[in-house]
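One structure is given below, encoded as structure tokens.
The values are calculated or read from the model by the stated rules, or taken from the named source; none is laboratory data. What you see is a predicted model, and the numbers here were worked out from it, not measured in a lab. Ideal geometry is used to build each Cβ from the backbone, glycine not excepted, and the neighbour counts take in all protein chains shown.
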Amino acid sequence: MKEVKKEKALTFIEPGPIVLVSTFDGKKNNIMTISWTMAIDFAQNIVITTGPWNHSFETILTTKECVVCIPTADMLETAVGIGMISGTEVDKFKKFELTPLAAKYVKAPLIGECLACLECKLVEHIERYGFIVLHVERVVINETSKERRMIHAVGDGTFIIDGETVNLREMMEEKLSPGL
């Protein structure tokens, strides 16, 4: 074993898939890319990590809602591109040719090209860590999407795309949340 800089820790433990978070501030839609995500319980609560450096952050705190969308592997460059520009400067839906679709429980739009969209309400903002705790109100999936692989950021500008799926559901049945 060889010791490396402790900053490399995140490249081994980077959580969850990259997500595109859509918001609506009352005037216009926006999208931000988030790579730090995680589920926190079996009651459909999740966390995204962000802060005032993202234009959509204040919108989430003000409107208390957003949509967390899961892009697929063929959307990697789009997801990175969205994260490289500010919604104050450009309409990201137009620039990246994405389709805003009406949500049922929030005013923020679904992103039609994504694999799944989670309509969310803000539960809590834990400022110290930049945690935005969200409750998932509704989940919709894109049944026509041929691409199903998700994208994971390593944290150093490289990405891992889902590969082989191994099904151990039968072995884990007694530990799975009802309804899964």
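Points to keep in mind about this one:
- Among the residues making up the range 60-81, those that are farther than 11 Å from Val21 by Cα and either at pLDDT below 95 or of a type outside the set (A, V, I, L, M, F, W, C) (or both) are Thr62, Thr63, Lys64, Thr72, Asp74, Glu77, Thr78, Gly81.
- Considering the range 82-95, and only residues there that are modelled with pLDDT of 95 or more and of a type in the set (D, E, K, R), the residue that is nearest to Val19 (Cα to Cα) turns out to be Lys92.
- First in the range 125-137 and farther than 22 Å from Ala108 by Cα, second anywhere and of a type in the set (Ser, Thr, Tyr), Cβ under 9 Å, 6 or more apart: Tyr129/Thr49
- Long-range neighbours under 8 Å by Cβ, at least six apart or interchain, first residue more than 19 Å from Met38 (Cβ to Cβ) within the range 151-180, second at pLDDT below 90 and of a type in the set (S, T, N, Q): Asp156/Thr11
- Pick from the range 1-54, criterion farther than 23 Å from Glu113 by Cβ and of a type in the set (Val, Ile, Thr), ranking: surrounded by the fewest Cβ atoms within 10 Å (Cβ to Cβ): Ile13
- Applying the criterion of being over 13 Å from Asn30 (Cα atoms) and touching a residue at least 60 places away in the same chain (Cβ under 8 Å) to the residues of the range 57-78, the residue that is nearest to the chain's Cα centre (by Cα) is Ile70.
- Across the range 81-94, the qualifying residues are those that are under 17 Å from the mean Cα position of the chain (by Cα) and touching a residue at least 60 places away in the same chain (Cβ under 8 Å), and the one among them that is nearest to Gly112 (Cα to Cα) is Phe93.
- Any strands (runs of 3 or more DSSP E) falling wholly within the range 62-180 and containing at least 1 residues that are among the acidic types (Asp, Glu) and buried (at least 20 other Cβ atoms within 10 Å of the Cβ): 65-70, 116-126
- Only residues that are farther than 18 Å from Ser86 by Cα and either of a type in the set (A, V, I, L, M) or within 16 Å of the chain's Cα centre (by Cα) (or both) were counted across the range 24-47, and they come to 10.
- Hits in the range 1-51 (condition: of a type in the set (Val, Ile, Thr), over 16 Å from Ile126 (Cβ atoms) and in a strand (DSSP E or B)): Val19, Val21, Thr23, Ile31, Thr33
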